[in-house]
1. Based on what the data block shows, is residue A:435 assigned to a loop (DSSP other than H, G, I, E, B), on the phi < 0 side of the Ramachandran plot and among the hydroxyl-bearing types (Ser, Thr, Tyr)?
2. Give the residue, chosen from B:364, B:457, that is among the charged types (D, E, K, R), touching an Asp or Glu at 6+ places or on another chain (Cβ under 6 Å) and over 27 Å from residue B:111 (Cβ atoms).
3. Enumerate the pairs (first residue in segment B:287-311 and within 8 Å of chain A (Cβ to nearest Cβ) and at negative phi; second residue anywhere and in a helix (DSSP H, G or I) and hydroxyl-bearing (Ser, Thr, Tyr)) with beta-carbon separation below 8 Å, excluding pairs fewer than 6 apart on the same chain, so at least 6 apart or on different chains.
4. In segment A:185-198, which residues are surrounded by fewer than 24 Cβ atoms within 10 Å (Cβ to Cβ) and of a type in the set (A, V, I, L, M, F, W, C)?
5. Given the conditions (1) part of a helix (DSSP H, G or I); (2) not assigned by TED's automatic domain parsing to the domain that holds residue B:116, which single one is not true for residue B:382?
6. Quick one: in segment B:420-461, which of the residues that are aliphatic (A, V, I, L, M) and under 18 Å from residue B:12 (Cβ atoms) is farthest from the other protein chains (Cβ to nearest Cβ)?
7. As an exercise: evaluate residue A:393 against (1) at pLDDT 95 or above; (2) within 14 Å of another protein chain (Cβ to nearest Cβ); (3) at negative phi and give the number of the one condition it does not meet.
8. Please determine whether any residue of segment A:407-414 is within 20 Å of the chain's Cα centre (by Cα), surrounded by fewer than 19 Cβ atoms within 10 Å (Cβ to Cβ) and not in a loop (DSSP other than H, G, I, E, B).
There are 2 protein chains.
Amino acid sequence: MSQARTYQSVDQYVQENEPRLLEELKEFLRIPSISTLPDHNADTRRAGEYAAAKLREAGLENVELIETPRHPLVYADWMHAPGKPTVLCYGHFDVQPPDPLELWETPPFEPTERNGNLYARGSADDKGQMYSHIKAFEALRAVHGTLPVNIKVLLEGEEEVGGLSVAEYVAKNPEKLKADVALVSDTEMYEPGLPTLNVGLRGLVYMEIEARGPMRDLHSGLYGGAAPNAVFGLIELLSKAKDADGHIQIPGIYDKVEPPSAAEKDSWTRLPFDEAEYLKNEVGSTALTGEPGYSVFERTWARPTLEVHGIAGGFTGAGAKTVIPAKAVAKVSIRLVPKQEPEEVVAAVKAFVAANTPKGIVCEVRVLSAGPGLMVNTDHPAIQVAAQAFSNIFGKPTVFTRSGGSIPIVGDFANHLGIPTILMGFGLPDDGLHSPNEKYNIRNYFDGIRTIAHFFEQYGQ
Amino acid sequence: MSQARTYQSVDQYVQENEPRLLEELKEFLRIPSISTLPDHNADTRRAGEYAAAKLREAGLENVELIETPRHPLVYADWMHAPGKPTVLCYGHFDVQPPDPLELWETPPFEPTERNGNLYARGSADDKGQMYSHIKAFEALRAVHGTLPVNIKVLLEGEEEVGGLSVAEYVAKNPEKLKADVALVSDTEMYEPGLPTLNVGLRGLVYMEIEARGPMRDLHSGLYGGAAPNAVFGLIELLSKAKDADGHIQIPGIYDKVEPPSAAEKDSWTRLPFDEAEYLKNEVGSTALTGEPGYSVFERTWARPTLEVHGIAGGFTGAGAKTVIPAKAVAKVSIRLVPKQEPEEVVAAVKAFVAANTPKGIVCEVRVLSAGPGLMVNTDHPAIQVAAQAFSNIFGKPTVFTRSGGSIPIVGDFANHLGIPTILMGFGLPDDGLHSPNEKYNIRNYFDGIRTIAHFFEQYGQ
């Protein structure tokens, strides 16, 4: 007679295993898998190895680390449900850098429970969410002894640095990755308790723009008035890229931008939204910004935007140094909406920089990544089943929203595998992705496991 | 009978002691007295102690380190020439930070001889020049057994950080510092071999401008289009402070700017100057900048200028991070010409920032230092003697120029002691002050000692 404990349902399984499920996630979050920092390459690999080991424990087969020029991919599958659909589950085990470190209340890689949340870099983006998939497999096998659908899993460690390796892998392995639909949990619910499927994403072109002026830093007293200043040159250039209303001034940038349909725009007006509360508790500045005549939803979901993520040049230590800096660099991105072509946007930026580089300055544009935005068809059967499963667990009708963020892999799945992606996320708007004190709601972690397992059960019928 | 060697002249003394004079300067330059970096406070003090010890060795009396809230001052005197004028000799023993370190061919604090120059941070600005004074005292006493004029010496260790302590000391001790003229060697010769007295200096208002936007760094995908960006806000603000022609756009800034006299302007047209060579070998950019209709001399000597010395905000590490930064800081200065009041300029900047701070951004202006520009009367007898002494040593008529740099102490001497300052410098235009690979011409170091001693001899007659 088997020693195995028998569970009546996934719900029961999750409930009785909560402490262990949380402890495993904490262990995963303790790995500082910061993909952009070469010093953390070993950690990023270790996070992939951790996920691979847990996939094996959950009964997935053909688990492998796939080497790439940068960070390894993880693949696994379970193909023993003949006649049932195949779901390709994607997630990423890399995280953003935690700086500014001094703003974290508890260390970013020492997961800490406070107020029903788990605070750690990567807790919501995306380790906590992708780990729900693995634990859903485990729960289904514990309850049913099998999985209700065929599963393929593809995890990457470069999502926060442009996802080049996974994009190449998807492009080159369409047969291996063949599936009916992809499932990604890397988005948020519109508000706590409100099941939300994301059906639109913005794309992203991320660049470094470097300005060079004099051959070396010069004394500003002796040369001020005759020598070009690389920092000021970069300031002049960037200031022309966007007007005070947030309207991008790069010629051609809006050529392919299409407004959302009247129906979609109308549905957004029915989403609960308190702009004053959003300003106070989410943004925390003296005013919101952006293009007049567009709602916050339109501005952040359906309009391209330009941001300077960081700038550095000249003397930035304590005190005073009177130099005319020789060099300055800015990190600049443009978020794209569906139909905008990343290559065309890059070309437009380069032409703009060439046309607006100030006198005496030489500028260089380096493209770090470029991916398009996209829309998902809400009539697809898998999307419909996912919406129903999400509603069943959370007890409310599922809403369809867009996100202003970018998940380039969704475009790769559409282009190379010809499949739609279900963006079923369990994050919350105040999770602080990419910010200090990132957190993931612990209840949502458990309910995410239940929802994903329930979706597989429903989709297998 | 005395063991002392007898010298016929200062020239002979300097010539026969060159190796030791150079070695002592090297020892002085090895002290990394970077006044702006608190980690180097002990080094800055050590440089002051070194100078004090050498003043004692040269026979100066009443040598003391005067404590201040930041870096000590050094005072010394020799008052045994009754009926002769008194010269107040000023210099500074602090230096600028050496960064960017990677651009130095040899370490900044390991003085290295190359091509007749001594390469080290502070070699020209100002340790090498101020040390000439001390060695001139030594040479005069070795040759004559006495000094031809009365001498007071005041050295500071805060010149590169605004010179607050020495300014206060001068204001509070006019009797102790009473003199007929001040002598400062912290400027440059117009070209190698051409004796040059500087008769005009620009003033300096140095500020930090900090911009704050959202309460924390935000995800640029989720919030881009609605949240203000502190880096971009600062870029927008600063871009409005100066137009593409270098004309400052801050209202009122030119109200008290007076053009140089026709005679002075005319004399500048006769200075040897090759703009193409200046662009290529001194500035090293693709073009010169600055206000059209003004010569390079006018732009750098007689016009106020605005520079951004450094800027930092957001993510500036390797790779990509998609944040909307919460904070950004720039170091900004305005160079002033005579008649412009520093307080009025500060007020104008603050009003400009208040009027031009972008929506959603909060800006703060912190003033780090503020000092006026000034002109020296070329008819003063001491200036005339200094010009003649300089000519005698270098064999060419002395030219009168201005400098675009700032030496606030000159204004303090004029205001509180009522005396003019002789700006008799031995630097060269390519010395690279404040830049990597700063150097001082070794021949000029020795000739500087000779010129200063010769000036004292002439002025004592």
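The values are calculated or read from the model by the stated rules, or taken from the named source; none is laboratory data. Computed from a prediction, not measured in an experiment: that's the story for all the values here. Neighbour counts run over all protein chains shown; Cβ positions are idealised from the backbone, glycine included.
1. Numbers: assigned to a loop (DSSP other than H, G, I, E, B): yes; on the phi < 0 side of the Ramachandran plot: yes; among the hydroxyl-bearing types (Ser, Thr, Tyr): yes.
So residue A:435 passes the test.
2. On the way: B:457 fails: touching an Asp or Glu at 6+ places or on another chain (Cβ under 6 Å).
Unique residue meeting the criteria: B:364.
3. Close Cβ pairs (under 8 Å, with a partner that is in a helix (DSSP H, G or I) and hydroxyl-bearing (Ser, Thr, Tyr)) amount to B:288/B:278; B:296/B:278; B:300/A:223; B:305/A:220; B:307/A:220; B:309/A:220.
4. Once the filter is applied, which keeps residues that are surrounded by fewer than 24 Cβ atoms within 10 Å (Cβ to Cβ) and of a type in the set (A, V, I, L, M, F, W, C), segment A:185-198 yields A:194, A:197.
5. If we test residue B:382 against (1) part of a helix (DSSP H, G or I); (2) not assigned by TED's automatic domain parsing to the domain that holds residue B:116, just (2) comes out false.
6. Looking only at segment B:420-461, we keep the residues that are aliphatic (A, V, I, L, M), and these are B:422-424, B:428, B:433, B:442, B:449, B:452-453.
Right, trim to under 18 Å from residue B:12 (Cβ atoms) and you get B:449, B:452-453.
Details: B:449: 24, B:452: 23, B:453: 28 Å.
Across segment B:420-461, the extreme among qualifying residues is B:453.
7. Answer for residue A:393: the failing condition is (2).
8. To start, the set of residues in segment A:407-414 that are within 20 Å of the chain's Cα centre (by Cα) comprises A:407-414.
When the remaining residues are screened for being surrounded by fewer than 19 Cβ atoms within 10 Å (Cβ to Cβ), the result is A:414.
When the remaining residues are screened for being not in a loop (DSSP other than H, G, I, E, B), the result is A:414.
Yes, there is a match, as at least one residue in segment A:407-414 is within 20 Å of the chain's Cα centre (by Cα), surrounded by fewer than 19 Cβ atoms within 10 Å (Cβ to Cβ) and not in a loop (DSSP other than H, G, I, E, B).
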